[in-house]
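Single-structure report; data block below.
The values are calculated or read from the model by the stated rules, or taken from the named source; none is laboratory data. Note that the structure is predicted; figures quoted are calculated from it, not measured. As a convention, Cβ positions derive from the backbone with ideal geometry for all residues, glycine included, and neighbour counts pool all protein chains shown. Side chains included, ligands, DNA and RNA excluded: accessible areas come from the protein's heavy atoms. Shrake-Rupley method; radii C 1.70, N 1.55, O 1.52, S 1.80 Å.
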Amino acid sequence: MRILIIGGGIAGTAAALTLHQAGFEPTVYEAHPDNGEDLGAFLTLASNGMRALGQIGAASAVAELGFPLTRLRLIDASGTELADAPLGSPDEPLARYRCLRRTDLYAGLQAEVRRRGIPIRHGARLSSLTEDPAGVTATFTDGQSATGDLLIGADGLNSTVRSLISPAAPRYAGQRVFYGYTTDASAAQQKHAEAITMIRGSNAAFGYACSPSGETFWFARVSGPQATAEEMATTTPVEWRDHLVPLLRPDSTPAAAIVAATTDQLMVTNALDLPLGLRWNTPRAVIIGDAAHAASPATGQGASMALEDAVVLAKALRDSPSTSAALATFDLLRRPRVENNIAASAALTASRTPPKPGAGTGTGPNANERPPALTDAELAHQLEWTTPLPAGQSG
Ligand SMILES: Cc1cc2nc3c(=O)[nH]c(=O)nc-3n(C[C@H](O)[C@H](O)[C@H](O)COP(=O)(O)OP(=O)(O)OC[C@H]3O[C@@H](n4cnc5c(N)ncnc54)[C@H](O)[C@@H]3O)c2cc1C
């Protein structure tokens, strides 16, 4: 089966690896000329995402790109430590949470795709697709086209594939998310090795982690109106910093000092998500990852959900008697989990609920390592490569 994968981000590269492992012939088409879009921020991969990578032999390669997080500290606006608890699966080295730059994750996954001989074409931006019983054809903005048996839309939040099969615009979730890095080690006051510290601030939900090389990765989620396109285009990092610091100053926490010590490595995004209940597929096309179920960042699970999608989709295609049965199985197995994550993240964003000790994290401070709707055993079963999908769901 020839499979066209649109998007070489997290879901697209992971799908290429899983589908290749299952014996299919995937080709990745990535719009960006070198790497991917929106690469300024960092993210955390949760234990479930690392386990999904483990199913395709890519956990070690990704683990080396970032640093482990094995503890979650929670402090309040007065600086009082409320909790310090294990995070994820600290005793399982390759399933530990990882904090890494988005750009490094993309580059690492794309390198793994190339290393396994899977074709990846950069500068290929999908503009339209047509399908009939014989196949599906993707047309790119440079006039080139490609034909396959199945097309996977892994083209992110503003997916072109979604706009062609299930038009829906992302919704603003009510918060701006700031990201930054500083090498000023004193800003974090104290180093807490392998810990991510979440701060329940009076005006922002703040989180930071210090890398072994002494760099502090931080984020802040601030409720308020959506940043406009013009603001995004014209506001400099220093101006954003000077906007954010006064919001953090009233609290007795390291947050204001960390942001104040940040120079040009600062960016802001709007927290967006997709409505529930979207149609994910046509007979020969399916959307996965953020294209299908983008959540606001509060649970910090988007990348891990994309990695899980890749494993379950490849297993469904491998184990099902037909493409239509495989796509139905994929929808059946994945929808409750990922839509729960959208809802949980939206609720956390709206309520600004503090994180629960022992829960996971991500760029969002209110983490929910394991979105509900599946037990651990059910998830492990779905992800385990050698295990067929649950009886009655593979055909
Ligand atoms: C502010 C913020 C913080 C986050 N923090 C975390 C976190 O800590 N942990 C976590 O797990 N998740 C986090 N996420 C979510 C995570 O980044 C996404 O869920 C994840 O990137 C989804 O992967 P994807 O491959 O579906 O989409 P993307 O990573 O967006 O990749 C899509 C790819 O498709 C390409 N593309 C787009 N259009 C086309 C086209 N027409 N033709 C060809 N290619 C195209 C793009 O260039 C890109 O490379 C965060 C998200 C945001 C916005």
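Things to note:
- Leading residue at positive end of dipole, the chain (Cβ point charges), from 226, 248, 77: 77
- Under the combined filter of DSSP loop state and at most 15 neighbouring Cβ atoms within 10 Å, the stretch 1-73 retains none of its trypsin sites (Lys or Arg not before Pro).
- Shape category assigned to the stretch 146-185 from the gyration tensor of Cα positions, a/c cut at 1.5: oblate
- Around the Cα centre of the stretch 173-272, unit charges on the Cβ atoms of Lys, Arg, Asp and Glu (plus for the first two, minus for the last two) sum to a dipole of about 320 debye.
- Protein heavy-atom surface of the chain, 1.4 angstrom probe: 52% of the accessible area is carbon and sulfur, with nucleic acids and ligands not counted.
- A Cβ-based charge dipole, computed about the Cα centre of the chain with Lys and Arg at +1 and Asp and Glu at -1, lands at about 360 debye.
- A dipole drawn for the stretch 173-272 from +1 and -1 charges on Cβ atoms has a positive end, and of 192, 271, 177 the residue lying farthest that way is 192.
- Per the Cα gyration tensor, the stretch 37-113 maps to an equivalent ellipsoid with semi-axes of 26, 16, 7 Å, ordered largest to smallest.
- Accessible area expressed per residue, the stretch 133-277, with surrounding protein chains retained (probe 1.4 Å, Å²): 41 Å²
- Whole-angstrom gap from the stretch 48-62 to the stretch 278-300, using each part's C-alpha centre: 21 Å
- Adding -39500 (n - 2.57) for every DSSP H run of four residues or longer, then dividing by how many residues the chain holds, sets the calculated 222 nm ellipticity at -9500 deg cm²/dmol.
- Counting every pair of alpha carbons in the stretch 173-272, the share spaced more than 17 Å apart comes to 47 percent.
- With the charge dipole of the chain set up from +1 on Lys and Arg Cβ and -1 on Asp and Glu Cβ about the Cα centre, the Cα lying farthest toward the positive end among the listed residues 292, 322, 11 is that of 322.
- The residues packed around residue 80, meaning those with a beta-carbon under 14 Å from its beta-carbon, carry a net charge of -2 if Lys and Arg are +1 and Asp and Glu are -1.
- Just so you know, the Rg over Rh for the chain is 0.97, from Cα atoms, with Rh as the Kirkwood radius.
- Estimated FRET transfer efficiency when R0 is 35 angstrom, pair residue 81-residue 228 (beta carbons, to 0.05): 0.40
- Checking every one of the GluC sites (Glu not before Pro) in the stretch 1-85 against DSSP loop status and a limit of 16 other Cβ atoms within 10 Å picks out 37, 64.
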